[in-house]
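First up is the structure itself, then whatever we jot down about it.
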Amino acid sequence: MMSFRQLALGLCLFFTVGILSAQQLSLFTQYRENATILNPAAVESDFLAYGQPITLGASYRSQWNGIAGNPRTQALRFSFIGDGSGASLLTGGYIMNDQTGPTGFTGIYGRIGAVISGDPEYSGLAVAISGGLVQYRVNANEINLRDPNDVLGMNNQTEMFPDVGAGIYFYQMLSGAMDGDMFYAGVSVPQVAGIDLTFKNDAGEFAVQRVKHFYGMVGLYHFFRNDGYIEPSLWIKYVNGAPINADLNFRYQTPAALWIGTGASSSGNFHFEAGFNLGDNVGFYNNLKIGYGYDYSFSSFGPSVGNTHELQVSYSFDR
């Protein structure tokens, strides 16, 4: 987790030579709104629920507030899915910036793939890859060693590396007793290549080892006749050397603009989210979504890790 990253970094710097292995991908409360970041083959929730093929989105997350150097993440994203039979174009990209104490990264990514389908509005199997460039950075002037007056003699260390991700995603409109409902599932590896980043200074060197993250997701949109719907979803994440994390969520979109959601994870986090969805329900042809997410930790670290706030906005429309 992020706090482990800071602790491990401090230990590595203390011994001047070491390897840091920790989570480098940002966390999210509203996972479904960031599905295309975690899985390059995923389609946006606005397409599954409302058939809008183009989405622009932005998010800001402040994690574990009350702790100095707490993680802060900002992201901008764009998605497009084509129409037609056979294979439809799936494309988009995102920019992400993450800062945790003296360490951080900024990345810019594009994604491209295809949706194999007779009609992508009703079902499809998407396969896609992402590619980008990531800058990792360390500001060691902010890191104190054993002596509070002693800081490492380097600052603004940066390394640039390419990054590649891959994913598969399936969605299907159901029939029979669940006529009109939408099922989806996917698996992905957002960063395929493992990279060892070595930072050097006069006192020695230390390394940051980037590890693979594996994601799985499954969910269902159950629509009501009054234009509301419920969406249960399950997200699973695996990182080598860490326990498997499962995140169960439940969202209810009212017939009006309001939506609310809740959930919990096996790592001991409780989620709450709420927002407004302005589209057909208010006579608006396009779709504007504004959401807020809140996390509270009941993990072994205890409530002292602080709470988390996340803001999300997206705008989707037709071609």
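Readers should treat all values here as calculations from the given coordinates under stated rules, not as data from a laboratory. Source: prediction; values computed, not measured. Backbone-built Cβ (ideal geometry, glycine too); neighbour counts: all protein chains shown.
One table, with the values for the structure above:
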| quantity | calculated |
| --- | --- |
| Relative contact order of the stretch 234-281, defined on C-alpha pairs under 8 angstrom at six or more residues apart (%) | 28 percent |
| Segment residue 121-residue 307, extension gain: residue separation times 0.36 nm, minus the distance between their alpha carbons | 63.1 nm |
| Extended-chain gain in nm, criterion 0.36 nm per residue less alpha-carbon gap, residue 129 and residue 222 | 30.5 nm |
| Packing-based exposure ordering (other Cβ within 10 Å, fewest first) of 46, 119 | 119, 46 |
| Separation in nanometres of the label points that stand 7 Å from Cα toward Cβ, at residue 85 and residue 97 | 4.8 nm |
| Rg followed by Dmax, in Å, when the stretch 215-269 is reduced to its Cα trace | 14.0, 47 |
| Base-10 log of normalised Debye intensity for the stretch 24-69 (one unit scatterer per alpha-carbon) at q = 0.14 Å⁻¹ | -0.43 |
| Histogram of C-alpha separations across the stretch 207-306, 10 Å bin width, % | 14, 34, 30, 16, 5, 0 |
| Residue exposure sequence - 158, 106, 100, 36 - by fewest surrounding Cβ within 10 Å | 158, 106, 100, 36 |
| Rounded Å value of the spacing that divides the Cα centres of the stretch 249-319 and the stretch 37-68 | 10 Å |
| Span per principal axis, largest first, for the Cα atoms of the stretch 73-124 (Å) | 50, 16, 12 |
